[in-house]
Amino acid sequence: MHTRVQVAVRIRPAREQQPLTSSASTSPTSRARRGSGNSQAGNGSRPSSAASNYSSLGGGAGRLINAESANTIRVVSKSESMLQQPGTFLGAGAANNPDRLARYQYDHVFNESAQQDAIYSSAIQPIVESFLSGFNCTIFAYGQTGSGKTYTMGTEAMSSEEDSAGIIPRALKDIFASLNGKTYEANLSMIEIYNEDIYDLLRPASSGSGSSSPSPASRNLLTLREDSAGIAKVVGAVETIVSSSEECLALLQRGLATRSTGMTAMNQRSSRSHAIVTLSLIQHLDNSTVATCLSSRFHFVDLAGSERVNKSATTGDRRREGISINQGLLALGQVIHALSEPATGQQGTQQPQHVPYRESKLTRVLQSALGGNSRTLMVTCISADDSDYSESVSSLRYAARARAIRNSAVANIQIDPAVDQVAVALAKENAELKALVAQLQAQGALGAVKPDTADSAKTRETVVPARVRLEDTFFADYERLCDRVSKFRSHLGAVRASVQTPVTAWGS
Ligand SMILES: Nc1ncnc2c1ncn2[C@@H]1O[C@H](COP(=O)(O)OP(=O)(O)OP(=O)(O)O)[C@@H](O)[C@H]1O
């Protein structure tokens, strides 16, 4: 079933303070480890209660970028060329657009006063329902550095109780509440892509544990391998069995402590890596005749933010990280671009476009989320400050393009492995019966009885009743097999029908 990638845009509250003027370029915290929420006092430090440092006013009449409705963002263009860009629907171009306005439309737009719970209930809950119905799902946060991706995803602090809790803790809480009383297996993993290397955040570094900042060489490097369908999979990440949201949050908290972060002029604790949290779930469905199971994967992706080297005032490691981050995001932009615009052939026919997934680890890992078997939501975080105008407009354009991507998401229904064994046994039995029938036919026991041989009377006496008995057994087994197969088919059909359209709001 084709589903469109959904896009939500969140405008972060205005920063009350100017971008950090700390000497990020001269004394960066070298690959700082994210703490457990402690914030240092003083100029430029991360607020202990983040919301308290930001204006909660929605909208800003004099600003160039504003949320106009629950689906629309209005941008006053600074240049003529901007009005010609995809995603604008005034369309008539600058000459007919004296107000120089562009409007971008999305599935959800949240202004700066939007709270975490409102974002969760309108944009995220439908995806959680899809996941529980057997669909692979991905939510990824995109945007410039400091625009609020980590805050929105909830990879800042792992608690599902606080008002400021983000998407991940809230989703985990809902998922495990829904699974209560069901038979399932759930596994959690957490990785990061840092400078084009993939690390396991749930496996402690193999050496140097005394150091506050393990060197990349001591950490567990993971590899990517393509499956038979050409989809890259991360190999070797620790998958921990989990049975409650509290367990997941404790694990994620541990993983976050080793995520690569660092201070830049734009963000006191800037994520220097793309973090991917994956929850894999197998739900066993109850059925008296044939058991099936739903298997689904939920990827939560907190991307590192794009940054302008001059603005983020980075040097050394921070600068190298920034370049690597930008390269990964550039590749992501190219993939979004290719998927949103199918190439047109010579006769005007649409042709499959080459999609450059292989350009970066990030795009390889996100391959199935973009154009594959997944229900995907891109949460684009922007700042409406005029000083962030060009970065925000660029994010808005990417977001508008991403909305054109069509995925083919299907509910992953499988025969329970235990039922598979029954099916194998029945197939074996069937094959044995067929062989027996063939053997008897070859001996003439099941064919027409040959007339008037010397032993014909004896043959009729002994073979015919045996044949009847064998036929009875064979047909009884055969009917039993057919009955089980037909029950299984109708059950599978019913399960498919019930999970194909669980979310009415999903784009198609
Ligand atoms: N909607 C919001 N309400 C309150 N505080 C916010 C909001 N969005 C972001 N913040 C605060 O702004 C700061 C920067 O946000 P955050 O770290 O989430 O940005 P980011 O996009 O993840 O940046 P980077 O890409 O550099 O990691 C944090 O202190 C965060 O708590």
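Tabulated results
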| item | result |
| --- | --- |
| Some residue of region 140-151 being more than 16 Å from the ligand (Cβ to nearest atom), in the same structural domain as Ser270 (by the TED database) and buried (at least 24 other Cβ atoms within 10 Å of the Cβ) | no |
| Qualifying position, being in contact (Cβ under 8 Å) with a residue 60 or more places away in the chain, in contact with a Cys (Cβ under 6 Å, 6 or more places away or on another chain) and of a type in the set (Lys, Arg), among Arg375, Arg397, Arg364 | Arg375 |
| Unmet requirement for Glu321, which otherwise passes all of (1) part of a loop (DSSP other than H, G, I, E, B); (2) at pLDDT below 85; (3) more than 30 Å from Arg63 (Cβ to Cβ) | (1) |
| Condition broken by Ile241, with the remaining ones in (1) modelled with pLDDT of 95 or more; (2) aliphatic (A, V, I, L, M); (3) surrounded by 14 or more Cβ atoms within 10 Å (Cβ to Cβ); (4) assigned to a strand (DSSP E or B) satisfied | (3) |
| Candidate set from region 178-196 (those that are in contact (Cβ under 8 Å) with a residue 60 or more places away in the chain and over 16 Å from the mean Cα position of the chain (by Cα)); member that is nearest to the ligand (Cβ to nearest atom) | Tyr194 |
| Selected residue (criterion: farthest from the ligand (Cβ to nearest atom)) from residues of region 106-125 that are surrounded by fewer than 17 Cβ atoms within 10 Å (Cβ to Cβ) and over 12 Å from Ala171 (Cα atoms) | Ser122 |
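One line per residue, one yes/no per condition, for (1) of a type in the set (Ser, Thr, Tyr); (2) at pLDDT below 85:
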| position | (1), (2) |
| --- | --- |
| Phe89 | no, yes |
| Ala94 | no, yes |
| Ala123 | no, no |
| Gly134 | no, no |
| Gly146 | no, no |
| Ser160 | yes, yes |
| Ser164 | yes, no |
| Thr183 | yes, no |
| Glu196 | no, no |
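Results for (1) modelled with pLDDT under 90; (2) under 29 Å from Ser113 (Cα atoms); (3) within 21 Å of the chain's Cα centre (by Cα); (4) assigned to a loop (DSSP other than H, G, I, E, B), shown as yes or no for each residue.
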{"site": "Arg358", "(1), (2), (3), (4)": "yes, no, yes, no"}
{"site": "Thr363", "(1), (2), (3), (4)": "no, no, yes, no"}
{"site": "Ser368", "(1), (2), (3), (4)": "yes, no, yes, yes"}
{"site": "Asp388", "(1), (2), (3), (4)": "yes, yes, no, no"}
{"site": "Glu391", "(1), (2), (3), (4)": "yes, yes, no, no"}
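The values are calculated or read from the model by the stated rules, or taken from the named source; none is laboratory data. The model shown is predicted, which means the values in this text are computed figures rather than measured ones. We place every Cβ from the backbone using ideal geometry, glycine too, and count neighbours over all the protein chains shown.
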